[in-house]
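**Student:** Before anything else, here's the structure in question.
The values are calculated or read from the model by the stated rules, or taken from the named source; none is laboratory data. If you're wondering where the values come from, they're calculated on a predicted model, not measured in any experiment. Neighbour counts are summed over all protein chains in view; Cβ atoms, including those assigned to glycine, are modelled from backbone coordinates with ideal geometry. These area figures cover heavy atoms from the full protein model, side chains too; ligands, DNA and RNA do not enter into them. Shrake-Rupley method; radii C 1.70, N 1.55, O 1.52, S 1.80 Å.
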Amino acid sequence: MREVAKVASIIPGNIRMETLIKKTAEYIASSKYAVALTGAGISVESGIPPFRGKGGLWEKFDPMEFAHIDAFMNNPKKVWEMFMREMKGMLVESKPNDAHLGLARLEELGILKTIITQNVDGLHQSAGSKDVIEFHGNFAWLRCLECGHRCQTVDINLDHIPPRCDCGGIYRPDCVFFGEGIPPNELDRSQQAASQCDLMLVIGTSAIVQPSAFMPVIAKQSGATIIEINPEPTPLTGTTSTLLVQEKAGKAMRQIITEVERLLPGKK
Ligand code: OAD
C-alpha cells in the first residue's frame with residue numbers, strides 16, 4: 001500500500017443536489033452489476049474519524065511512525081500504546097450508519113454484488129452486507145507474530161501492552177500496514193469485480209492510496225460508470241468519475257435508496 005497523488009480540484013458542473021441524487025438512483029436502478037469502493041469517509045457519520053484532512057487520524061499520528069510495518073516491528077509497544085489502543089476503543093463502540101445500511105439494502109435488492117472496502121472497522125458486515133472484500137484487512141482480528149494464532153480484538157485485554165499470545169509472541173492486527181502488500185486473494189477479487197461491474201459507487205475515499213485507488217480506473221476502462229459520494233472532490237473527480245454527489249455519505253445514501261425503491265416498486 002502506498003500513497004501516490006495529491007487531490008486535483010475538479011467539480012462537475014453546477015448540477016443541483018436533487019438532480020444528482022435522482023441521476024445516481026437511475027444509474028443504480030438500471031445497473032446489472034454494481035460494485036462499491038468505500039473508504040474512511042463512509043464511517044465518519046458513525047463517529048470514526050477519517051485519516052486525512054481536518055480532524056483526521058494522520059493529523060494526530062504520523063502514519064510512518066504508527067502505521068508502517070517497520071515502525072510496528074521496531075516498537076510494537078509504542079504502536080499498541082498510542083495508536084492501536086485508541087483504534088480499538090473507537091471501533092468497538094461504532095455502529096453502521098445510513099450509508100452502510102444503504103449498501104446492504106442494494107445487495108439485498110440484487111443490484112450491488114460486492115463491496116471493496118479499505119476500512120478495517122467491519123461496519124459493512126454489521127450493516128448486513130455479505131460480500132465484502134476487506135482490501136486492507138480488518139481490525140476485528142489479531143494474529144500472533146510467532147505462531148500465527150488468531151483471536152478477536154474485543155477479547156484482548158490491553159492492561160498489558162503489547163498484547164501477547166499464550167506462546168509469548170506479540171499480537172498484530174490483521175490489517176495491512178504501509179509497506180505491506182495487499183492480500184493476493186483480496187487484490188484478485190477486487191480487480192475482477194472492478195472489471196466486471198457496469199457501475200462503481202466510490203464512497204468516502206480520498207482515492208490517493210494505491211492500489212485501491214486504481215479499482216475505479218479499472219472499472220472505467222472496462223466500460224463502467226463511476227459515481228463518487230464525497231463532500232470533497234478527489235483525483236477521480238471529473239477524470240474517472242462521471243458524477244460527484246458532493247454530500248455526506250449517510251445523508252446522500254438515505255435519499256438515494258428512497259429514490260431507488262421508488263424506481264423499483266416491484267422489488268422488496
Ligand atoms: P481518507 O482519510 O484518505 O479520505 C477520507 C475521504 O472521506 C475524504 O475524501 C473525505 O472528503 C471523505 N469524507 C469525509 N467525511 C465524509 C462523509 N461524511 N461522507 C463521505 N465522505 C466523507 O481515507 P481513505 O481514502 O479510506 O489505510 O484512505 C485510504 C487508506 O489510507 C486507508 O485505508 C488507510 C489510510 O492510510 C490503512 O492505514 C490500512
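**Student:** How much of the pair distance distribution for the range 130-206 lies past 19 Å, counting alpha-carbon pairs only, in percent? Working shown, then result.
**Tutor:** Numbers: 1438 of 2926 pairs.
Looking at the range 130-206, the distances longer than 19 Å represent 49 percent of pairs.
**Student:** Using only the heavy atoms of the protein chains and a 1.4 Å probe, how would K113, K54, K23, K248 rank by accessible area, largest first?
**Tutor:** K54, K248, K23, K113
**Student:** Okay, helix-only estimate at 222 nm for the chain: each DSSP H run of n ≥ 4 adds -39500 (n - 2.57), divide by all residues, round to 500 deg cm²/dmol; what do you get?
**Tutor:** Values: 11 runs with 92 residues, N = 268.
Roughly -9500 deg cm²/dmol at 222 nm, from the helical runs in the chain.
**Student:** Let me ask something else about it. When the gyration tensor of the chain is built from Cα positions, what are the square roots of 5 times its three eigenvalues, in whole Å, from largest to smallest? Walk me through the numbers before you get to the answer.
**Tutor:** Working: eigenvalues 223, 72, 57 Å².
Working from the Cα gyration tensor, I get semi-axes of 33, 19, 17 Å.
**Student:** Let me ask something else. With charges only on Cβ, +1 for K and R and -1 for D and E, what is the dipole size of the range 58-165 about its Cα centre, in debye, rounded to 20? Please report the intermediate quantities before stating the final value.
**Tutor:** Values: 12 positive and 16 negative charges, 46 e Å.
Rounded to the nearest 20 debye, it is 220 debye.
**Student:** In addition: Give the whole-number value, in cubic angstrom per residue, of the convex hull volume spanned by the C-alpha atoms of the range 83-147.
**Tutor:** Details: hull volume 6.2 nm³, N = 65.
Dividing the Cα hull volume of the range 83-147 by its residue count gives 95 Å³.
**Student:** With respect to the cross-link table entries K54/K88; K130/K220; K23/K248; K88/K251, which display a Cα-Cα separation exceeding 19 Å?
**Tutor:** Numbers: K54/K88 21 Å; K130/K220 25 Å; K23/K248 17 Å; K88/K251 26 Å.
Checking Cα-Cα distances, K54/K88; K130/K220; K88/K251 exceed 19 Å.
**Student:** Something else now. Could you state the number of Å between the C-alpha centres of the range 17-96 and the range 237-259?
**Tutor:** 18 Å
**Student:** As a test of reading the structure, rank R172, R52, R150, R262 by solvent-accessible area (1.4 Å probe, protein chains only), most first. Write out the running numbers ahead of the final one.
**Tutor:** Values: R172 15, R52 70, R150 110, R262 145 Å².
Greatest to least solvent exposure: R262, R150, R52, R172.
**Student:** Pick out, from H100, F178, I15, the residue whose Cα sits farthest towards the positive end of the charge dipole of the chain, with +1 on the Cβ of Lys and Arg and -1 on the Cβ of Asp and Glu.
**Tutor:** About the Cα centre, the residue reaching furthest to the positive side is I15.
**Student:** What is the Cα coordinate range of the range 113-255 on the first, second and third principal axes, sorted by size from largest, in whole angstrom?
**Tutor:** 52, 30, 26
**Student:** Note the full-extension length gain between L158 and R189 as 0.36 nm times their separation in residues minus their Cα-Cα distance, in nm to one decimal.
**Tutor:** Between L158 and R189, full extension yields an extra 7.7 nm.
**Student:** What ranking of V245, V44 comes out by heavy-atom accessible area, probe 1.4 Å, highest first? Working shown, then result.
**Tutor:** Numbers: V245 0, V44 65 Å².
The ranking, largest first, comes out as V44, V245.
**Student:** How big is the charge dipole of the chain about its Cα centre, in debye rounded to the nearest 20, if each Lys and Arg gets +1 on its Cβ and each Asp and Glu gets -1 on its Cβ? Can you show the working numbers first?
**Tutor:** Values: 29 positive and 31 negative charges, 117 e Å.
In debye, rounded to 20, the chain gives about 560.
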